[in-house]
Every structure is written in C-alpha cells, then in structure tokens.
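Working notes, beginning with the structure itself.
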Amino acid sequence: MRLLNTKTFKVHEFSSDIPRYAIISHTWDAEELTFREIQNLKTAKLHAGWKKVEGACTRARRFRFDWIWMDTCCIDKGSSSELSEALNSMYIYYSDSDVCYAYLSDASSKEDPRDPKSGFRKSRWFQRGWTLQELLAPSNVILVDKDWREIGTRYSLRDAISAITMIPVEVLKGRKIENFSIAQRMSWAAFRKTLKPEDQAYSLMGIFGVNMPPIYGEGGTKAFIRLQQEIIKVSDDRSIFAWVARSPCNEPRGLLAKSPDEFRLSGDIGISDSVQGSYSFINNGLQIKLPLMRHRPSAGSKANSPDVQFIALLLSVGAKDKGHICLYLSPLEAEGQFVRCRPSEMPRLSRNLEQLKLREVFVKETNQQRRKEPRSPKSGQTGHQVGVRLSRSAQSLFVQDRITGKGARFDKKRGIVTISKNNSSSTTLSYRHQDRRKAFNVIMKLNPNDSIKVQLTTHHKIDDEWKPFDNSDLKDQISYKDRIFKSFPDSSRVSLAVQKTGNLDLGILDIDYFPSDSNTIPFNAKPQLKRPKAGIMVEFPNTFDLQETFPPDFYQREWGEGETWISIPDGTERFRVLTFRENSSKTDKLFYVVIGIEGVSSWTDISSGDDNGANAVEKLWKSYRNLGSRAKTRYQRQTSVTLRSEAVLGKNPGKRLSCTVTAERYDRVKLTCEMSTVPKPAKSSAESKEKPKA
C-alpha cells in the first residue's frame, strides 16, 4: 500500500513492515488532489484540493503520526489493476489503521451534534455508500469538522450516529458486525448513495468479507447480484433473501435483491437458524431446499397475483415481533421451478412451524475472517506505553497522588505510564484535588489484543473518609471507551479522552476538568439521545413538500418518494406538527398536519394558513397541549379530517383544493388531496332579465 508522509507530503510504497498510520474518511469534492498531481508539490500546493491534504497531515502530525492514507492521493486510479486491488483491500486498510479521522466538511464543532438542525445531522458523510465501511472498520474513529476540529468520536456520539444511520448502538460500541444478519447489514446501506451505481455493491465487499473484481459499466443491479452470489458462497444465513421490492411491484422475481434499497425494512431480522438444506447456483437460478406450505390468496389480493401460491420459510425471525420471515413463491409450468411472486410483501407468521422443517446433513464451509494482528512493543521497550496529558485547568487544581499496579511505572517528567507486557491486572493512576475533598482515578487494563481498556471513577471525602461518587465504569463491561465524562458532588466534571498516536502504542490519555460554573462543557458530555418507542409513517402526494417538523425530530427519515417516517415523542405530549407546502398551485398557502398517539390509538388533524413567520408552527403546536385551545382534539382521537380551502388558488382560477388526512393504522397516516371546481355564484333574478332591445 502507499502512504503519504505528513511532513514531506511525499508518497511512499510499502509491501511489508507497514508503519503506524492514520487514515482519512471523507466525501469527494469537485476538485481533489490525485496521486499523479501530488508528485509535483510546487503545482500541488496551488490545487484546490491541497487544503484538505494539508489539513489532514496537520491533524495527524499533531498526534505524532508520520504517515496517513487518503484515497485521493494514495491510489493511482489510472491503473485498473491497482484500482481493483485497492477496492478489494479498502476494508483492510481502514481496519489496520491506528485511527480514522472522518472529515465532515459540512459540519461544525460549534454546533450541538444532537440538534436535529445541525450540520452534523444533515452531513452528506452519512449518506454516501463508501463511508459505511469507513465508519465500521477502524478500531478508533474521530469525527472532525470543516476546520479539522473534533466533533466527537464514534463511541461518544454513538446515540446520534445510530439515529442517523439506523446502525444499532451495540455495533458502534464495538460489537462485531459478524454477529448481525446479512439482512441487517444490508439495511445499513439501504439509504446511502454512490456516484457510480456499481459502487453500491463494491463498497460492501469488506463488510461481508468477500472479494470480486470490479467491472465498471456492468450496472448497479448486476454488480449487486454478483455481490450476493459471493456472499452465499461463504455464508448460510438465509436472511440474504429477506428483502422487499418498492411497491407497487407485481413482476415475478428471483431470490436475489436488485439493490441495498430493497433491504430497507430488514433492520430487525436476525441470523437464520442452523442450515436446513443446502443451496447452489445452477444456470440462471438458485437451487435451494426450503420449508414450503400451500397458501390460498385472499379475495382482496392484488391484481395479477397468481392463483397458486406457496409460502416459503427463511428460518429467520424478526426481533420486534418474533415473526417467522417468509416469502411468496409461485410455481412455473416446468416441474419444481418457482419464481418469487408479490415481491413487495414479506409476510411474518407467528405460529409454530416446526413440522415444516427439513432434516438433512450439510457440511458447512467456514468463512475465514481476517483479523488485525496486535503490535508488540518496540525493540528494547519493556512494556506498553500510554501518555497522560492534563489540560491547564486540570493541571492547576489536581496533583498526581499515586500509581498502583503490578510492574507499572509513571515517568512524571515525560508523562508516560509503562505497563508490563504480561500484566493482566489493572493499573490505577490517582489524582487528588488541592482542597483534598475530591479525587479521580484513571484505571487502565490491557486487553488480550493489546488494546487498552480505560475506566474513570470520581471520589469525594466525607468527614475523613474517601467515598466513591461515580464508579459506574467499574460495572460496565464495554471493552473500549474513548471518551468518558464523570461528575463530582459540586457538579464540576472531569473528562478523559483516548487519543491514538503514532509514537505510543496505547496512545495518549487527555484529561480535562470543568468547574461547576463552566460554560464550556463539551457537547459530548450532554445526555445521550433516547430512541422514541413509537413512530408514524406519513404518506403524502408528490405535489406536497414537507417543509418542517415541530418539535424537530432527530430520528425523522425519508423512506421513499412521498413517504417520511416521523418519531413520536415519549411522555405526555406525544404529537408533532408537520408543515407542508402545496407546490402545484404556486401559492404561499401552508398546510399543517398534526399527528400523534393518545393511549393506544393514533389521531390526526389538519389546518391551513399563510406563511406567518418562524413561530407560527410553534404557536400551533402549543395550542394542542393540555391547556391549549385545541387540546380536546387529542382526546377525541379523530382518525380522518378533511380541509377545504375557502378561496380559489392563485394560479388555478376557479379551482379549490381539498385535503384529507387519515390515520389508516396505528403507525401510518395518509394525506390526500384533490382539486375541485368552485361553483359560480347564481345570478339574481334582476340580473337574469334580458335588457330590452333598442
């Protein structure tokens, strides 16, 4: 692989003995500095993409990294063989790095990343296909803003990142992605976009541990089918067949999906049970043994639905409803041949289906996952080293009290703790406040893979005895934390950040202190987001634009054209106001749709108005609160409301718009509209008399 020197900006190639390196994750801008362009530094520094390269190197040098990897200037994209190798090795490059700096060029560290209106929430970094593996593969991910200032880390912002990406928090805390089903992992890519359609497949190779040659020009569908065929060779997880086509879709299909988008509803599907029959590719199809049962279509089945149908079990279960995941199959004229019918549906059966299970012998081929090799201490170094660095405020108020741990040493002058190679016990570094009334402990322990587990506890003195104030870390079994915040009784706080460096194998521990009257508490120290228990899918015509949701919804997601999922807040005020603008009439008329849940039922309401400023929707929302003028609407639990505009629409003289909002189910609301002709006023008897002829 090639690496860029952070001091000389020269690209070097390494075939073995690869040094420690930082890696950059970013979205491409209009002009990027390429491998060939960076060979001439004089002209490279005049290039529009130089600023990003320089910023990346400056950030890496700050933490003693001599080398970084950037896809723009470390891959010669003019060589097809090198590009193929790089695409197949990309996941390895990221997993082998010491730290990944995710550069969000459209975000700011001055904004709260948990604010629904923040640049972080809307950043295109979360919307691109390639950045999915760049988020998951590295052991340490630090998200930085447009000026290379830290916003937070994958761990410290795990709640917000999970809400944006729909990746479970457990993954962002370090749980291996192999513990999640193929369908679940596919669902994480469902809403991501790539510039080239084939990259929707190529960007997922590392996540599923497969390799295949890229063929640009084959098309996105063909590339994605090839990806699934490679996955099937190394995995017997049948959740790979648990997808649904966009509705309406009545065309017969095979068992393989056309794109990650078709896994958008598969986020809760677990790994299938032990294999109940082998499957293999034969000609243009997949030979597979599945438990089948005859299914009689209901009278209300969709048009063009075949008369003879079977339900096939995939032996996977949904985590939310514990339903057995199934597909509809329809037989062809040739005996034993089927196609998937009703592909936009994926039924879930709740009853016991053990009598349908097949019994056969299957020899399983294990998928050999590549693991990152742990680094040993440098030659002549007696143990692993971690740096300790206190901020000015912490240094002025706290003194290092003692260090405990078998064979552990602390060099105060250099600020380096050395932990012996074979030390399986904990090493504790204690700091005491000058007033001798509060203290904190930094507890370090080596993991089997030679990474470090860090814990932080705070203590206070009662009478003459030290008592723990916050020692919750000791009960936490998470093996890796990179940002920790703990409080003292006086509401002051201490923070600990694990920073990966190029010269110390365990990195540096940055310790900061925030007095109780401090106004500079980091956003990372704020309470974690809590995923709401309920949500409603809102369907609306393509002539309507959803302008605003109030209160702002961090979990809001566009599900498709004319479909947006809105979370419903927990607590007593379980409703939101959605502002729509009808764009076919070219007016400034706004429509306010209120959706909510009261008890076990959903309710809705609709009103209209002109654009009355930024506070109009907030005033409307307040009117539905317990003491508001519209509060009774909540308790009436109305499920369908029609609003007819009183005046004709500006660009459509003689036309009037009628809007109906209907709560079709507990979790679905539909907005429909129609134009109607405004009746002409009847003429009076005096006006109807003809004028006498001259």
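What follows is calculated from the coordinates using simple rules that are stated; it is not laboratory data. Computed from a predicted model, the values in this text were never measured in an experiment. Heads up, the Cβs are rebuilt from the backbone with ideal geometry, glycines too, and the neighbour counts pull from every protein chain shown.
A simple packing score, the average count of other Cβ atoms within 10 Å per residue, orders the peptides 192-201, 11-20, 415-424 as 192-201, 415-424, 11-20, with the highest score first.
Normalising the average separation of contacting C-alpha pairs (under 8 angstrom, six or more residues apart) by the number of residues puts the relative contact order of the chain at 8 percent. Restricting the calculation to Cα atoms, segment 1-138 shows an Rg/Rh of 0.96 when the hydrodynamic-style radius is the Kirkwood one. Take each complete run of DSSP H in the chain, measure how far its Cα atoms stretch along the helix's own axis, and keep only those covering 15 Å or more with mean Kyte-Doolittle hydropathy at least 0.0; list them. The qualifying helices are 220-234. Residues whose amide H falls under 5 Å from that of Gly535, counting only those 5 or more places apart or on a different chain, are Ile568, with hydrogens built in the peptide plane. Remark on segment 489-539: Rg and Dmax equal 18.0, 55 Å (Cα only).
If both residues of a DSSP beta bridge must be in the chain, then about 85% of such bridges are antiparallel. Using a cutoff of 8 angstrom between alpha carbon atoms and counting only pairs six or more residues apart, the relative contact order for segment 2-175 works out to 22 percent.
Distant-in-sequence amide contacts of Glu548, defined by a placed amide H-H separation under 5 Å and a gap of 5 or more residues or a different chain, comprise Thr579.
Report note on the peptides 313-324, 628-639: ranked by the mean count of other C-beta atoms within 10 Å, highest first, their order is 313-324, 628-639. Summing Lys and Arg as +1 and Asp and Glu as -1 over all other residues whose Cβ lies under 12 Å from the Cβ of Ala183 gives a net charge of 0. Taking Cβ atoms as reference points and 10 Å as the exclusive limit, the residues near Asp76 contribute a net charge of +2, counting Lys and Arg as +1 and Asp and Glu as -1. The candidate values are [x] -0.26, -0.80, -1.12, -1.28; [y] -0.32, -0.98, -1.31, -1.41; [z] -0.41, -1.08, -1.31, -1.40; the one derived from this structure for log10 I(q)/I(0) by the Debye sum over Cα atoms at q = 0.05, 0.09, 0.11, 0.12 Å⁻¹ carries the label [y]. Taking GluC sites (Glu not before Pro) across segment 494-577, the ones in a DSSP loop with at most 13 further Cβ atoms lying within 10 angstrom of their Cβ are Glu561.
Its Cα gyration tensor gives segment 383-525 an equivalent ellipsoid, and the semi-axes of that ellipsoid, as √(5λ) in whole Å with the largest first, are 24, 16, 15.
Dividing the helix sum by the residues of the chain, where each DSSP H run of 4 or more adds -39500 (n - 2.57), gives a mean residue ellipticity at 222 nm of -4000 deg cm²/dmol. Rg over Rh for segment 534-677 works out to 0.95, both radii taken from alpha-carbon positions and Rh defined as the Kirkwood radius. Overall dimensions of segment 461-565, expressed as equivalent-ellipsoid semi-axes from the Cα gyration tensor (√(5λ), whole Å, largest first), are 42, 20, 15. The antiparallel fraction among DSSP beta bridges confined to segment 2-175 stands at about 45%. Shape analysis of segment 19-75 yields a ratio of the Cα radius of gyration to the Kirkwood radius, Rg/Rh, of 0.95. Take the convex hull of the alpha carbons in segment 68-175; its mean projected area over all directions comes to 6.9 nm². Each DSSP beta bridge with both residues in segment 534-677 is either parallel or antiparallel, and the antiparallel ones are about 95%.
For Lys110, what charge total do you get from the other residues with a beta carbon under 13 Å from its beta carbon, if Lys and Arg give +1 and Asp and Glu give -1? Charge balance near Lys110 sits at -4.
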